[in-house]
């Protein structure tokens, strides 16, 4: 397949592999450097040997790919925030729960949770020690402290707490997500004294935030409704905090969630608009160069306006390279240009490799480059308008083919009406970007005319109504699709082999493709069904008790909830464990788990059961018992308590178990309790 023969694409893929495996390779940086140097020496020596003896060797290509893997490991390790000697993780004093005097700069405001406003901050000092590194700060909504502004310096006293690992099986690992961003600790602020000191911007990101705040002030002066203003802030300024969860859910169900975050789609549209507007410059002598210069300036100005977030920077970098190559009319394959942009970004920010947005953006663009020409060969309309919409449909389908495995892996759903949504949403987005940028510019210079504001507001409202209508067609939304890493890898292998077979239709290629498809069926469908085990799970749920009894691909849920509908922890478990059916039942007093007997002690506090000697005891709903007597009476091998119990009771039970040297499992600290048998 011709497009896969470009060396830069191979180099980028193996660089990414090195970054992905870097966490699993415990190799020192000096040793990696020696390895890269040795391989480079071998390649140089081989080059001169082949040149002198007029020979062609193939094994040096393998050496280059190995060197790329090592380079990926190298850049990943040196870009790790802990690589810096001043990083706060190297301080021995933060391992405890003691209070520390903290000094930090607010870098980014996040979407608030039910109880807290959240921020990413850059730590400057811990007590009297100058440090570096990022933290997650949670400011309670009950606090008297005003919300922080970006670029403010904050002085306060708090303890640096570890980010909790997931408390339920197959749950999103927020701790690992923050680790990828270089954040290892968090701070909770409520009643502490907090001193906020405004700072003058000193970095380009700080200046970008200042510009955004200024644009926000001008935006508030215009007659937009809150939802309309929230959309303009999201699509033009990269600020999604004001978009409600209901709107997010509707766009997700309709397959249009990608437009709510500035990405390659937005930058690509902006590039097309600029190229169209600046086309007359091509008739002048230096018009080609001037046109390119203006395009690059506008793209990067938009990136600054959008806050220079990682998603915006990588999208502008990618399309800037496309603009340079095409603007200067250099002969280069689009896939090669895409690979170059990815290679540069991964060298500068290897953490992008783990970013879902990065993966989806490059998968979508690569798929459009590869698949769109194939779809074009199937025919087109002679009518220009009809052909434009047909091209839009082809681009949507091509992009969806590329991102589908990733979407199933991360989001476990597939919106069947994605192409209908894109046929309306993308044209709306083009108009919103054009009118929105014009409105912003006029708002800074002079108040824009009301008809422009009303037109922009009407388009946003119409787009939202259409998306809500599509989202209401739940028959076409396929949810809770189990799709693991094995399925992801085999899916992309199938797409790769399909491409090879399309370009070279031979029996051998057909046979390999068929084997791969059968392997997908076996590894993704048959093996999970055959290898499923019986399991007993105690979930962590605050103020409630939820137990799961899995038998192959059936889950029986015992609970005291009002309803199990839309319980996120159960949805995650069903997806992760490939559950096909489920049922419910009240919580029982006794459970037989393999060769163990588990006694459930509830708020009644009854634990003496005639002729029964349980090996395990589970405490729920804060029973008023003397745990010492229970231990002396039953002599259990293990004591478990879930999140339905009072915190004070849990602390007392923990102390008792430690004193008695009885093994215990506390779900609020250790997470879910699970036994496979």
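A few points about this structure:
- All conditions but one from (1) on the phi > 0 side of the Ramachandran plot; (2) in contact with a strand residue (DSSP E or B) (Cβ under 9 Å, 6 or more places away or on another chain) apply to residue 677; the one that does not is (1).
- Only one entry in 589, 652, 620, 647 is in contact (Cβ under 8 Å) with a residue 40 or more places away in the chain and not assigned by TED's automatic domain parsing to the domain that holds residue 523, namely 620.
- Taken over the stretch 580-613, residues that are touching a strand residue (DSSP E or B) at 6+ places or on another chain (Cβ under 9 Å), exposed (fewer than 12 other Cβ atoms within 10 Å of the Cβ) and over 17 Å from residue 556 (Cα atoms) amount to 2.
- Every residue from the stretch 403-431 that is outside any helix (DSSP H, G or I) and in contact with a strand residue (DSSP E or B) (Cβ under 9 Å, 6 or more places away or on another chain): 413, 414, 415, 416, 417
- Among the residues of the stretch 216-241, those that are surrounded by 15 or more Cβ atoms within 10 Å (Cβ to Cβ) and either outside any helix (DSSP H, G or I) or not assigned by TED's automatic domain parsing to the domain that holds residue 428 (or both) comprise 222, 224, 238, 239, 240.
- Qualifying residue in the stretch 324-342 (condition: under 25 Å from the mean Cα position of the chain (by Cα), more than 24 Å from residue 411 (Cβ to Cβ), at pLDDT 90 or above and not in a loop (DSSP other than H, G, I, E, B)): no
- Members of the stretch 75-99 found to be outside any helix (DSSP H, G or I), in contact (Cβ under 8 Å) with a residue 12 or more places away in the chain and closer than 16 Å to residue 134 by Cα, listed by number: 79, 80, 84, 86, 87, 91
- Residue match in the stretch 541-553 (condition: out of contact with any strand residue (DSSP E or B) (no Cβ under 9 Å at 6 or more places or on another chain) and at pLDDT 90 or above): yes
- The residues in the stretch 482-522 that are farther than 26 Å from residue 577 by Cβ and free of Cβ contacts under 8 Å to residues at least 60 places away in the same chain can be counted, and the count is 14.
- Residue 174 being farther than 30 Å from residue 94 by Cβ and surrounded by 13 or more Cβ atoms within 10 Å (Cβ to Cβ): no
- Once the stretch 270-291 is narrowed to residues that are touching a residue at least 40 places away in the same chain (Cβ under 8 Å) and buried (at least 18 other Cβ atoms within 10 Å of the Cβ), the residue that is nearest to residue 471 (Cα to Cα) is 270.
- Only one of the listed residues (150, 106) is surrounded by 16 or more Cβ atoms within 10 Å (Cβ to Cβ), at pLDDT 90 or above and in contact with a strand residue (DSSP E or B) (Cβ under 7 Å, 6 or more places away or on another chain). That residue is 106.
- Of all residues in the stretch 189-204, those that are surrounded by fewer than 17 Cβ atoms within 10 Å (Cβ to Cβ) and in contact with a strand residue (DSSP E or B) (Cβ under 9 Å, 6 or more places away or on another chain) total 9.
- Scanning the stretch 550-568 for residues that are assigned to a loop (DSSP other than H, G, I, E, B) and under 31 Å from the mean Cα position of the chain (by Cα) gives 552, 553, 561, 563, 564, 565, 566, 567.
- Hey, residue 165 under 30 Å from residue 573 (Cα atoms), assigned to a loop (DSSP other than H, G, I, E, B), at pLDDT below 90 and not assigned by TED's automatic domain parsing to the domain that holds residue 672 or not: yes
- Qualifying residue in the stretch 376-386 (condition: over 19 Å from residue 423 (Cα atoms) and at pLDDT 85 or above): no
- Given (1) in contact (Cβ under 8 Å) with a residue 60 or more places away in the chain; (2) part of a loop (DSSP other than H, G, I, E, B), number of the condition residue 380 does not satisfy: (1)
The values are calculated or read from the model by the stated rules, or taken from the named source; none is laboratory data. None of the values given here were measured: they were computed from a predicted structure. When we count neighbours, we look across all protein chains shown, and the Cβ atoms used for this are built from the backbone with ideal geometry, even at glycine.
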